[in-house]
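For reference, the structure is listed below as structure tokens.
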Amino acid sequence: MKINWGKGIAIAIALFMGFILYFVIKVQSDSKYDNDLVVEEYYKHDARFDEEMIRAQNAQDLVEKPTITNAENGVTIVFPAVFVPSKIKGKVSLYRPSNKKFDFEIPISISNPSLLIPKSNLVGGQWDLNMEWEYEGKQYLTKKTIYIK
């Protein structure tokens, strides 16, 4: 059987299309390649971007900022002594970039200046921590990426 250049090109295109189609099917059918959005209502979230930047700037302008540390027993958030703990309200959202099933929120309601997120609630790997909090009517936003072993 003789293959001329026209048949060769057709065979090459067919093989390339099969190669690409194989990977498309593999990515769509395998759950480890999920491509979920970080937030469900992306456009609504994006419309509030200016507010988010103001809250982040408020947090950046603080002389004493809350510290977020990764300890043996979990993640500890310590607010500066200038803040009265009972007046701090808000929430801490933890997002798992690789799997949204592990995402959760913890309300900030403290009587001492520190908040502990137990390590038992956290799976090993990367976490995006967003802390939205309010003190005496002023809103703040603190973001940090943490790694759990």
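The values are calculated or read from the model by the stated rules, or taken from the named source; none is laboratory data. All values reported here derive from a predicted model rather than from experimental measurement. Reconstructed Cβ throughout: ideal geometry from the backbone, glycine too, with neighbour counts over all protein chains shown. For accessibility, only protein heavy atoms count, side chains too; no ligands or nucleic acids. Shrake-Rupley method; radii C 1.70, N 1.55, O 1.52, S 1.80 Å.
Restricting the calculation to Cα atoms, segment 5-118 yields a radius of gyration followed by a Dmax of 24.0, 80 Å.
Between helix 49-60 and the chain there is an angle of about 50 degrees, using the helix long axis and the longest principal axis of the Cα atoms.
Per Stokes-Einstein, at 4 °C and 1.567 mPa s, what whole-number D in µm² s⁻¹ belongs to segment 51-149, with the Kirkwood radius over Cα pairs as the hydrodynamic radius? Walk me through the intermediate numbers first.
Values: Rh = 13.9 Å.
The diffusion coefficient I find is 93 µm²/s.
For the chain, the solvent-accessible area with a 1.4 angstrom probe is 72 square angstrom per residue. In this simple spin-label model, placing a label point 7 Å from the Cα along the Cα-to-Cβ direction at both residue 71 and residue 53 gives a separation of 3.7 nm. Each Lys or Arg adds one and each Asp or Glu takes one away; over the other residues whose Cβ falls under 11 Å from the Cβ of residue 72, this sums to +2. Between the Cα long axis of helix 5-29 and the first principal axis of the chain there is an angle of about 30°, rounded to the nearest 10.
Taking every pair of Cα atoms in segment 73-115, average 1/r, invert it to obtain the Kirkwood radius, and report Rg/Rh to two decimals. Numbers along the way, then the final one.
Numbers: Rg = 12.5 Å, Rh = 11.7 Å.
Reported Rg/Rh (Cα atoms, Kirkwood Rh): 1.06.
Taking each of 44/100; 44/87; 32/149; 65/87; 100/144; 44/65 in turn, the alpha-carbon distance tops 25 angstrom for 44/87; 44/65.
To the nearest 0.05, what FRET efficiency results for residue 146 and residue 10 with a Förster distance of 35 Å applied to their C-beta separation?
Working: r = 53 Å, r/R0 = 1.53.
E between residue 146 and residue 10, to the nearest 0.05, is 0.05.
Taking 19 Å as the cut-off, the amide N atoms of segment 88-109 that come nearer than this to a point 7 Å along the Cα-to-beta-carbon line of residue 138 belong to 88-91. Exposed loop sites here mean GluC sites (Glu not before Pro) with a DSSP loop assignment and at most 14 other beta-carbon atoms within 10 Å; the chain contains its longest site-free run at 73-135. Considering only 125, 18, 74, the Gaussian network model of the chain with Cα springs below 10 Å gives its largest mean-square fluctuation to 18.
Only protein atoms count toward the accessible area here, which uses a 1.4 Å probe; on the chain, the carbon and sulfur part of that area reaches 58 percent.
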